[in-house]
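The structure appears right after this line, and notes come after that.
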Amino acid sequence: MIPKKLQDKIEQRKTQNTLRQLGTQHNLVDFSSNDYLGFSISRDIFDMTHHFLEENFIKQNGSRGSRLLTGNHQLYGDVEDFICSFHNTEAALIFNSGYDANLGFFSSVPQRGDIILYDKYIHASIRDGITMSNAKSYKFNHNDLSDIVAILNRVQHNEEVYIVTESVFSMDGDSPDLKVFAEFCSQNKYHFIVDEAHAVGVFGDLGVGLIQALGLETKIFARIITFGKAFGSHGAAILGSEDLKQYLINFSRPFIYTTALPPHSLMTLKSVYKELAHTHNIEKLHENIDFFKSQLKIHQLKSRFIESNSAIQCCIIRGNENVKSVSNMLNKKGFDVKPILSPTVPLGHERLRFCLHSYNSHKEISEVLQLLNNFIR
């Protein structure tokens with residue numbers, strides 16, 4: 001038996017009907033995965049990766065250790081150099097996941113006496129990293145630069161100031177005014193950090209992300225990009241200066257004490273980047289985003305959805321039971337649309353989260369929104 005305090009927490013979740021459980025594979029129409037471009041099931045990427053490993057006699061299942069010990073395979077340098085060129089950055093350091101990257105950055109970079117300001121809707125991995133930091137932290141209202149100014153006017157900040165946001169928020173699908181944020185940080189010599197997890201592969205030429213699409217690379221202290229969303233693979237990278245990379249190699253514990261990614265994962269990343277130069281899936285994804293939004297107007301659902309130009313489109317349905325009920329009805333009709341419950345989102349902001357993909361058909365989009373319209377009226 002587990003300790004009573006732990007069992008009590010489980011029972012509380014059961015009582016509130018918010019107990020999380022692992023899902024199973026199914027054949028429902030996908031409106032829930034982060035595989036925006038369908039790369040996780042791309043045969044071309046699979047074959048490209050396999051052929052390269054075979055041709056170079058790389059037959060290694062694991063990395064055998066951390067990068068500082070035995071795991072720093074030659075492919076790491078190759079892929080990180082490719083990432084630097086693609087994302088127009090001085091240096092890149094690969095981590096095993098976006099969670100590891102955010103934990104590794106925020107737990108080690110901001111120092112005692114420094115200040116971190118983070119958006120109130122920031123991802124849990126960033127919050128956890130900040131919790132492990134010795135810096136003081138303050139949350140600001142969502143996408144609200146004026147609130148940042150108000151916080152800085154009332155708190156003492158003689159040391160470094162770090163301001164962190166996401167270019168596309170995972171639970172709302174919206175974006176801050178990155179140009180205004182970047183200019184504010186540049187003028188005041190604050191360090192601007194942007195998580196681009198849901199922007200790379202989706203925005204900009206070849207899916208470079210919103211920061212590059214807006215030409216803001218030189219005004220960003222660090223970018224966090226992840227490979228488990230539109231890239232359909234695994235891992236993440238922190239982009240920044242060579243000095244930042246060297247610091248992370250020496251002081252980021254999630255980097256230092258983690259077994260490195262195997263060669264197959266690294267080659268998959270390079271194959272994904274090469275595929276971005278040839279695919280039409282980004283254009284197809286944006287066609288589907290535009291079509292989805294046009295259907296919202298047709299079905300008079302626009303007022304229920306959070307404004308977003310990304311692949312994440314959210315319908316507010318207040319109450320955990322209500323949103324779960326609508327999700328279950330859509331599931332029974334063959335559509336996988338996940339409910340997002342409180343406390344994952346604030347109470348009263350529960351929603352259905354539609355993740356759009358290049359492989360969703362217009363027919364599927366029309367049908368799921370027609371059903372949604374019927375179920376919530």
Residue within region 177-194 that is open to solvent by 10 Å² or more (accessible area, probe 1.4 Å), without any contact (Cβ under 8 Å) to a residue 12 or more places away in the chain, assigned to a helix (DSSP H, G or I) and more than 30 Å from residue 267 (Cβ to Cβ) present = yes
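If only one of 303, 294, 265, 271 is on the phi < 0 side of the Ramachandran plot, among the polar types (S, T, N, Q) and touching a His at 6+ places or on another chain (Cβ under 7 Å), which one is it?
Only one candidate qualifies: 265.
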note = Filtering region 54-76 down to residues that are in a helix (DSSP H, G or I) and surrounded by 13 or more Cβ atoms within 10 Å (Cβ to Cβ) yields 75, 76
query = Can you pull out the residues in region 141-176 that are within 21 Å of residue 200 (Cβ to Cβ) and in a loop (DSSP other than H, G, I, E, B)?
reply = 143, 167, 168, 169, 170, 171, 172, 173, 174, 175, 176
remark   = Residue hits (region 195-225; among the β-branched types (Val, Ile, Thr) and open to solvent by 10 Å² or more (accessible area, probe 1.4 Å)) are 208, 218, 220
query = Which one is modelled with the highest pLDDT among residues in region 50-82 that are in contact with a Lys or Arg (Cβ under 9 Å, 6 or more places away or on another chain) and β-branched (Val, Ile, Thr)?
reply = 79
message = Restricting to region 287-318, name every residue that is open to solvent by 50 Å² or more (accessible area, probe 1.4 Å), within 24 Å of residue 166 (Cα to Cα) and in a loop (DSSP other than H, G, I, E, B).
response = 307, 309
task = Any residue in region 35-47 that's among the polar types (S, T, N, Q): show its pairings with residues that are modelled with pLDDT of 95 or more and assigned to a helix (DSSP H, G or I) at Cβ separation under 8 Å, as long as the two are six or more apart or on different chains.
result = 42/275
request  = Specify the residue that is farthest from residue 155 (Cα to Cα); the eligible residues are those in region 123-140 that are part of a loop (DSSP other than H, G, I, E, B) and either at pLDDT below 95 or open to solvent by 70 Å² or more (accessible area, probe 1.4 Å) (or both).
outcome  = 123
message = I'd like to verify a number: residues in region 365-377 that are in contact (Cβ under 8 Å) with a residue 24 or more places away in the chain, surrounded by fewer than 18 Cβ atoms within 10 Å (Cβ to Cβ) and out of contact with any His (no Cβ under 6 Å at 6 or more places or on another chain), how many?
response = 5
note = Given the conditions (1) open to solvent by 70 Å² or more (accessible area, probe 1.4 Å); (2) out of contact with any Ser or Thr (no Cβ under 8 Å at 6 or more places or on another chain); (3) assigned to a loop (DSSP other than H, G, I, E, B), every one holds for residue 6 apart from (3)
ask   = Could you count how many residues in region 220-265 are closer than 15 Å to residue 76 by Cβ, of a type outside the set (Gly, Ala, Ser) and part of a loop (DSSP other than H, G, I, E, B)?
value = 5
ask   = Among the residues of region 9-53 satisfying the criterion of being aliphatic (A, V, I, L, M) and closer than 25 Å to residue 352 by Cα, which is least open to solvent (accessible area, probe 1.4 Å)?
value = 37
note = Of the residues in region 320-359, those that are in a loop (DSSP other than H, G, I, E, B), open to solvent by 10 Å² or more (accessible area, probe 1.4 Å) and under 21 Å from residue 302 (Cβ atoms) come to 348, 349
inquiry  = Which of the numbered conditions does residue 7 fail, given that it passes all the others? Conditions: (1) under 20 Å from the mean Cα position of the chain (by Cα); (2) free of Cβ contacts under 8 Å to residues at least 40 places away in the same chain.
reply    = (1)
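Within region 108-122, track down each residue that is surrounded by 15 or more Cβ atoms within 10 Å (Cβ to Cβ) and over 17 Å from residue 195 (Cα atoms).
Here is the first cut: in region 108-122, the ones surrounded by 15 or more Cβ atoms within 10 Å (Cβ to Cβ) are 108-110, 114-119, 121-122.
Those that are surrounded by 15 or more Cβ atoms within 10 Å (Cβ to Cβ) and over 17 Å from residue 195 (Cα atoms): 114, 115.
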note = Within region 244-261, the residues that are open to solvent by 30 Å² or more (accessible area, probe 1.4 Å) and either without any contact (Cβ under 8 Å) to a residue 12 or more places away in the chain or more than 12 Å from residue 95 (Cα to Cα) (or both) are 246, 247, 250, 251
task = Tell me which of these residue 335 doesn't satisfy, since it passes every other one: (1) without any contact (Cβ under 8 Å) to a residue 12 or more places away in the chain; (2) under 11 Å from residue 31 (Cα atoms).
result = (1)
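The values are calculated or read from the model by the stated rules, or taken from the named source; none is laboratory data. All values derive from a computational prediction rather than experimental measurement. Using ideal geometry, Cβ is built from the backbone for each residue, glycine included, and neighbour counts are taken over all protein chains shown. Only protein heavy atoms, including side chains, enter the accessible area calculation; ligands, DNA and RNA are left aside. Shrake-Rupley method; radii C 1.70, N 1.55, O 1.52, S 1.80 Å.
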